[in-house]
Structure formats: structure tokens, C-alpha cells
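In what follows, a structure is listed as C-alpha cells, so that the remarks can point back to it.
The values are calculated or read from the model by the stated rules, or taken from the named source; none is laboratory data. Predicted model only: the values in this text are computed from it and were never measured. FYI the Cβ positions are ideal-geometry reconstructions off the backbone, even for glycines, and counts take in every protein chain you see.
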Amino acid sequence: MMILSGDPPRSRVLTLVLIVIILALAATPFLFPGAKALNVAAKICVFAALVASYDLLLGYTGSVSFAHTMFYGIGSYAIAIALYGMGPNWAAVATGIATGLPLAALLALAIGLFSLRVAAIFFAMITLAVASAFQVLASQLSWLTGGEDGRSFQLPELLRPGTVLISRNLFGFEINGRILTFYLVFAISALMILALLRVVNSPFGRVLQAIRENRFRAEALGFRTVFHLTYANCLAALVAASAGILNALWLRYAGPDTSLSFSIMLDILLMVVIGGMGTIYGAIIGATIFILAQNYLQSLMGVASKAASEAGLPLLPGLLHPDRWLLWLGLLFIASVYFFPTGVVGRLRHGGGKKAAGPSH
Amino acid sequence: MTDLAATDPLPKPKRDIAPVLLPIALALLTIPLIGSTSSWLTLTAASLAMGMMIFIMASGLTLVFGLMDVLNFGHGAFIAVGAYVATLVLAPFAASIQADSLWMNLAVLAPAALLSMAVSGALGLVVERVLILPVYGQHLKQILMTTGGLIVAEQTLYALWGPQIIPMPLPASLRGSFILGDVAIAKYRVLAMLIGLAVFIAIQLVLNRTKLGLLIRAGVENREMVEALGYRIRRLFLGVFMTGSALAGLGGVMWALYREQVHASMSDDLTVLIFIVVIIGGLGSIGGCFIGAILVAMVANYGGFLVPKLALVSNILLMVAILMWRPRGLYAVTSR
């Protein structure tokens, strides 16, 4: 209970699902051989943390930010540029972290002070504008960011796949640098999610929820709402940038498509809504469902599309084409906002009852 | 309270002309910076044309927000749908588009634009009923629902037309420029300016000279009061929403012809631009939206000419500067 900050999943099914997900993630290198499974598992870890940080904003303060990928991208690019420029050593990793995190926090502070004073709707629009400007900027400053190609880099010796830490004949499994990197990603993501759980269950988190429910009243009670919202924005940005760092370390690459594009922002929105806003646990569920769908549903859709085109059906092959999977997730997204505003977690907690406790701004 | 005799005219509303002077001052200021008068005139014409197109797309969004406090993040979808629908007419009649006769070109362009407006207007009806009606008065859900709508619309366009960029050539008679001395002004830009001005004047006339417009303006200022007087503001809002969607469709056709290509991703890029315009103008204000659109286009054109590197973030800088001056946009019409 201590480790969960006194905020357990509060549903037997949910607890079971979470335990299964976490155990499966932790045991991926041994249970599911092959690079793809490990990649999927690492991506789930990174996105669970990223989505949880977004949940702090969307679910707990009720402000919609479209700049979350920007912070994610700042983290990714900071570590990539540092490792690319300074070579594969730990000093470069430290430099990347020491520049990326403060940069993200400062930018979040600036955006927050500028736009959180006014209505929540301004915040959404301004973050959208700033994020798109940043995206263009990153692709134009190609001397620094590598433009559309992005930056590939080498990891320090210890984290490389070629580094064998424990050889095969001891346990039957080879522990190499790649697996070590995976556990690094797993552990840091888990720590960040636990830290976020701590934040939302602190008095500070309660004030955030009060602001979400009734900003005017929270202000009347004497809380400085702009300060609280800006602080939450900075915290979320820090976690997002850290998730970006982990992502870049795992992929050994940072580029516009993997760390900055607007479609990642939409993915995050889908994950947080499907998982359940204002629960933090929803982030883990949402990220798992979404990324599994992204990786495995697409091949299923490919089969269906092929079958439809062989059967000579009109339109269906186009709609079922693997590249159109976002169409179906978009429909699912609308349906879940409408029918299950509390997402999977909310559903499980309330057993399908009408009494929803999620944010209903 | 001052006493007014019955015969006295009503006190005139205070005119606020500082925002109107802003684009004019900006244009005059850049003359010495650009140096040559001919390129300044070309750039100014370009910014006016671009501004008018952006205004057509943004006008619906600002009214919809002003009237019902609904923020439609999927507004860009109407733009893309309009552009795609226009290709349905323009592609089969490619021959008459390439014929060098203004009337023949317009005979194809006009129905294409009308069809686009009709389809995006009808789509507006569906979106309002299906996506926005269930989440009235809940900002967070509105943003989520309309963002979901944007994803679905964009993906459906890809599924129907394929992911490739569709070329949309300008009609033969609209290509090239009018040459006045050493100033060249593209013919299409003149057309865009004319249409934009016509739309602006039409909106202003409807808003200021008709009962419908009176109700809309009253609704923007105080919705509950209009409802209390017995008007069905929901229906009014539906009409405004459909008109705004249709205008976005028209803007989409114009923008696609301007760029000479159609792609579903245009909705993403333009959504950002339109939001900036609507914020700068002040949510709900048509006049502010008009000035904001021209300002954004001017900054993009002059900025692109003078400091190309800065052009990337110039819109943001403009927005920051305007909001520092007037935190609620050029004209703050809503009390929210």
C-alpha cells in the first residue's frame, strides 16, 4: 500500500489485469523470444509512463494540452544529440539528461504562465500552436536535429546488444546489454508511474482535482490555481521528457516520426481515454491495449482486407487496409468518450454501474 | 445614468479602431524594410489573398465558439472534405478546366465549389448532431469528441481516395499574373481576394442588417438572455454550425487550388493556423477574425521574404505579442 501511495486499483479484476501485464512485461525477455516482442514491451513501458504523465494534466487538472509530444521530443532529441555529438559515453548521457529535463521544464513553465491564466480552451489551442511550431523548427534545424532523417547514435558500451553480461550456459538465457537496457527502461518507467501516483494522492494532487471540478471555488478557497496548474504542467513535462529519453535510448534513434509527430499526440490521447482518465492505472491499461493493437491488429486487418478484396466487396478492402487501423481506433475513441467516459479502469472499478467518478468537466 | 430625451439618437457604440490600424501600420512599416515597391506590392497582394482564404475557413469556427461556447477541434476536417469533394467535379471535367476560356473554367469551378460547400455543410449537420450535441457544455469532452472526429474523417478520406497527394491544377485562365508596370499580381490571388471580401461583406451584412444576425450577435453576447426571450438558440446554432462548415469547405477548395494539390493532412496544418487567427481576433468576433487572418498572412509573407528562418515561428510570436497587448484577442466580444 505504501508503494501505491494508498491508492490501490480498487477492483479485483483490475488488480489481476495489472499484475498480469506487469509480470508479462517483466518476463518478456525470457517468455517471448525475438526482437519484436521485446520492442513492443519496451514501447509499452515508455508509453505507460508518458500517458500517465499526460493523465496528470488531462485527468487530474482537466486541461487539454497538445504539447505533450513536444516535451517527449525534447527528451528524445536531447539525449540523441548529446550521444551523437559527444560519442557513446556516460558523460554524453548525463549531458543529454542535464539539458533535456531543464529545457522541458522551462518551456512548460513559459507556456503555463502564458496560457493557463485564461480559460482552459486557450491552453488547448496555444499548446497546439506551440507544438506545431516546435515540430517545424526541429525539422528545419537540420544541422542540429538531422532534419527529417533524425539522429541515430551508439549507446555506451554497457548497454549494447553485443555486450554479454551473463553468458548462455549459466541459466540457459543470455543476459546482454540489450536486455539490461530493457530493464533500465522498465524500472525507470515503473518508478515514474509510482511517483505520479504519489503526486496525485498528495495534498497537491487533491488541489488539482479541486481545480478540475471547480476552478473558481478552488480559487475562492485560497489556492493559487495558476501556480498549481503550472506546477502540474512542469511535472508532467519532466516525466514526458524522461520518457522521451528512455525511448531514444531504446531505439538508439530520435526523429520526427518517433518522437515529435502529431500522430503520437493523438495516440496518447487515445490511450489515456481508453484506459481511463484520472486514474493513472488507466495509462498502463491504455498503453498496453493500444500498442498491442498497433502491432498485432494491423496484421489481422491485413488478412481481413485481403479476404475482402478477394471476395470482391467494394470499399471494404480500403477500410480494412492495415494503414487504416487508426480509423477504427478513432471510432472506438469517440465511442469510449461517449459511452465509457471513465475508460476501462472506471468500468472495472464500478462494475458497469452508472455511478462514474471520473472527470466530467 | 445620463438622461436621454426620446428624440435623441441612441448613443453610438464606442468604435475601437486600433486593431484595424494594425495591419495597415504593419504593411507601411515593411515598405522601407523590403526596399523595392514592386515586390512589396506583390507581397501585400499575396498576404491579402492568403488572409482572405484563411478568414473564410476561420469565420465559422469563431462564430460557433462565440455563439455556443463549442470549440470544434475537427474544423479542419471540413476543409479537407471540401477540397476532396471538389476533385470529384474537377477531375472528370479536366478538359474544360484546361480550356483557355474564363467562362468555361468558371462553369466547372462554381459547381465544384457549391458541391463542396453542400457536402461539408451536410457533414456539419451530422457532426453537430452526433458528436457535439451529446456533450454540450462540457469543454473537455468536446475537445476529445471533435479530435476523434478529425481522426475518423481524415482516415476515411485516406480510405476513399488513397493516401497519395492529388494534384489540383489551376484553371488555365486563372494562371499567370496581371502585370501593372513592374508589379506582378497572380490572377488567382485577385479572385481569392474578391471571394474573401464578398464573404466578409455578406457575413457583416447578415450579422448587422438582419434579424437573424441580430439574434446571432445577441446570442454571442448572452445566450441565456436570448433563450429567455423565447428564441430557439439550438436551431440557430445548428444553422451557424452548418454555414461555418460550408464556408470551411469553400476555403478548402480555394486553398487546394492555391496550393494546386489536395491531401488529407492539410486539415492538420490549417487547423493550427486557424486557431491562431481565432485566438488573435478574439473568440467570437468576425471583425477580429478578419484582421487576425490578414495579420497572420502578412507576417507569413513579409516574414518569409525578410527573415526566412523566422517565418517558422512568426505566427507564434505574433500571437504572443497580440495577447500581451490584449489578453483576450483584438476584440473581446464574449464575456467568457
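In region A:180-233, the qualifying residues are those that are touching a Cys at 6+ places or on another chain (Cβ under 9 Å) and among the β-branched types (Val, Ile, Thr), and the one that is nearest to A:Leu165 (Cα to Cα) is A:Val185.
Determine, yes or no, whether B:Phe73 is outside any helix (DSSP H, G or I) and surrounded by 15 or more Cβ atoms within 10 Å (Cβ to Cβ). For B:Phe73, the condition - outside any helix (DSSP H, G or I) and surrounded by 15 or more Cβ atoms within 10 Å (Cβ to Cβ) - is met. Considered as a group, the residues in region A:312-341 that are more than 26 Å from B:Ile132 (Cβ to Cβ), aliphatic (A, V, I, L, M) and free of Cβ contacts under 8 Å to residues at least 12 places away in the same chain include one that is farthest from the other protein chains (Cβ to nearest Cβ), and that residue is A:Leu313. Suppose the filter is at pLDDT 90 or above and among the aromatic types (Phe, Trp, Tyr); does B:Phe241 pass it? Yes: the conditions hold for B:Phe241. When region B:289-321 is filtered for residues that are under 26 Å from B:Asp69 (Cβ atoms) and within 12 Å of chain A (Cβ to nearest Cβ), the ones remaining, listed by number, are B:Val296, B:Asn315, B:Ile316, B:Leu318, B:Met319, B:Val320. Against the criterion of being crowded, with 23+ Cβ neighbours inside 10 Å, assigned to a helix (DSSP H, G or I) and in contact with a strand residue (DSSP E or B) (Cβ under 7 Å, 6 or more places away or on another chain), B:Ala83 qualifies.
In the set A:Ile245, A:Ile193, A:Ile179, A:Ile166, only one residue is among the β-branched types (Val, Ile, Thr) and touching a Gly at 6+ places or on another chain (Cβ under 8 Å); that residue is A:Ile245. Restricting region B:322-332 to residues that are part of a helix (DSSP H, G or I) and more than 10 Å from chain A (Cβ to nearest Cβ) leaves a set whose member that is farthest from the chain's Cα centre (by Cα) is B:Trp325. Within region B:147-176, residues that are more than 7 Å from chain A (Cβ to nearest Cβ) reach partners that are buried (at least 22 other Cβ atoms within 10 Å of the Cβ) and hydroxyl-bearing (Ser, Thr, Tyr) with beta carbons closer than 7 Å, at six or more positions or on different chains, in the pairs B:Leu150/B:Ser267; B:Glu154/B:Ser267; B:Leu157/B:Tyr84; B:Trp161/B:Tyr84. Only a single criterion out of (1) crowded, with 24+ Cβ neighbours inside 10 Å; (2) at pLDDT below 90; (3) under 15 Å from A:Asp55 (Cα atoms) is not satisfied by A:Asp267, namely (1). Scanning region B:95-129 for residues that are in contact (Cβ under 8 Å) with a residue 12 or more places away in the chain and among the β-branched types (Val, Ile, Thr) gives B:Ile97, B:Val108, B:Val119, B:Val127. Can you work out which of the residues in region B:130-144 that are in a helix (DSSP H, G or I) and touching a residue at least 40 places away in the same chain (Cβ under 8 Å) is farthest from the other protein chains (Cβ to nearest Cβ)? Of everything passing the filter in region B:130-144, B:Ile132 is farthest from the other protein chains (Cβ to nearest Cβ).
Would you mind finding the one in A:Ser305, A:Ser309, A:Ser299 that is away from chain B (no Cβ under 12 Å) and closer than 28 Å to A:Asn39 by Cα?
Residue meeting the stated conditions: A:Ser299.
Criterion applied to A:Gly358, A:Gly286 was being within 14 Å of another protein chain (Cβ to nearest Cβ), at pLDDT below 80, touching a helix residue (DSSP H, G or I) at 6+ places or on another chain (Cβ under 9 Å) and farther than 19 Å from B:Pro163 by Cβ, and the one residue passing it is A:Gly358. Of all residues in region B:274-288, those that are more than 14 Å from every other protein chain (Cβ to nearest Cβ) and in a helix (DSSP H, G or I) total 3.
Between a first residue in region B:25-43 that is touching a residue at least 12 places away in the same chain (Cβ under 8 Å) and a second residue that is surrounded by 11 or more Cβ atoms within 10 Å (Cβ to Cβ) and assigned to a loop (DSSP other than H, G, I, E, B), which pairs have beta carbons less than 7 Å apart while being 6 or more apart in sequence or on different chains? Matching pairs, first to second residue: B:Ser38/B:Asp182.
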